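The values are calculated or read from the model by the stated rules, or taken from the named source; none is laboratory data. None of the values given here were measured: they were computed from a predicted structure. Cβ placement follows ideal geometry from the backbone for every residue including glycine, while neighbour counts extend to all protein chains displayed. Heads up: the accessible areas ignore ligands, DNA and RNA and are worked out on the full protein's heavy atoms, side chains in. Shrake-Rupley method; radii C 1.70, N 1.55, O 1.52, S 1.80 Å.
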Amino acid sequence: MDTSFFIRGLIIGFSIAATVGPISVLCIQRTLYKGQLYGLASGLGVATADAVYGSIAGFGLTVIATFLVSQQGWIRLIGGLFLVYLGIRTALSKPAERAAAAQANNFFGAYASTFLLTLTNPLTILSFAAVFAGLGVGGASKSYLSATIVVLGVFTGSALWWCLLTGGVSLLRGKFTAKWLLWINRISGVIIVLFGIFALLSLR
């Protein structure tokens, strides 16, 4: 196993995950609302989607990539509407008094929602394709082992970021009163809705 490829993939995954966007806001809000495990489940959904797009780029699955990019209008429409829905739901949610012991289906819902939301940005494939080409492990390189190692690194790096973020936010959770948490829900919801509206306007 070439550890250099894994390390490069880890750095790529960490850097992409650390980009501030609607999902970052959503994961922070969920961590404050229901605890670190719920926020981490959301973050792992993002990491999985990053790994999926990384796999498409790394293994040179151009047919799938071309199809997703050609259909990006419909995909981003769905993503924008989903963001608006999540934003409204977040703004109207009431904070729990303590971190909830969420059931398995709640964790799966948190994971699935961010996984699907991340997949609604097919242009991510192009970013991964450019990075993989620079590393020499893209479809043109016939090294499937190298591509696999990089994808594993991407997932690990992304997951590491979400562990750090949700862990840090969880430590601060106890310092917020119920009133503060309520306002955080409202502000987070508005920000997510604005991201959704921006995504919808970008379709014009």
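Structure above, values below:
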item	result
Fraction of accessible area attributable to carbon and sulfur, the chain (%, probe 1.4 Å)	72 percent
Per-residue HN-Hα couplings for region 78-88 [Karplus 6.51, -1.76, 1.60; θ = phi - 60°; Hz; x = Gly/Pro]	4, x, x, 5, 5, 4, 4, 4, 5, x, 5
Whole-number Å³ per residue for the convex hull built on Cα positions in region 1-91	107 Å³
Residue-normalised accessible area of the chain, expressed per residue, 1.4 Å probe, Å²	52 Å²
Tilt relative to the chain, helix 144-173 - C-alpha long axis, 0 to 90 degrees, to 10	10 degrees
Sequence of TYR144, TYR53 from largest to smallest accessible area, 1.4 Å probe	TYR144, TYR53
Shape category assigned to the chain from the gyration tensor of Cα positions, a/c cut at 1.5	oblate
Angle between the chain longest axis and helix 104-119 axis [Cα atoms, degrees, rounded to 10]	50 degrees
Estimated dipole of the chain in Debye, rounded to 20 [Cβ of Lys and Arg +1, of Asp and Glu -1, Cα centre]	640 debye
Calculated [θ] (222 nm, deg cm²/dmol) that DSSP helices of n ≥ 4 give over the chain, each run adding -39,500 (n - 2.57)	-27000 deg cm²/dmol
Full-stretch length increase - GLN72, ALA112 - with 0.36 nm per residue and alpha-carbon distance subtracted	12.4 nm
Accessible surface ranking that places the most exposed of ARG30, ARG8 first, with a 1.4 angstrom probe	ARG8, ARG30
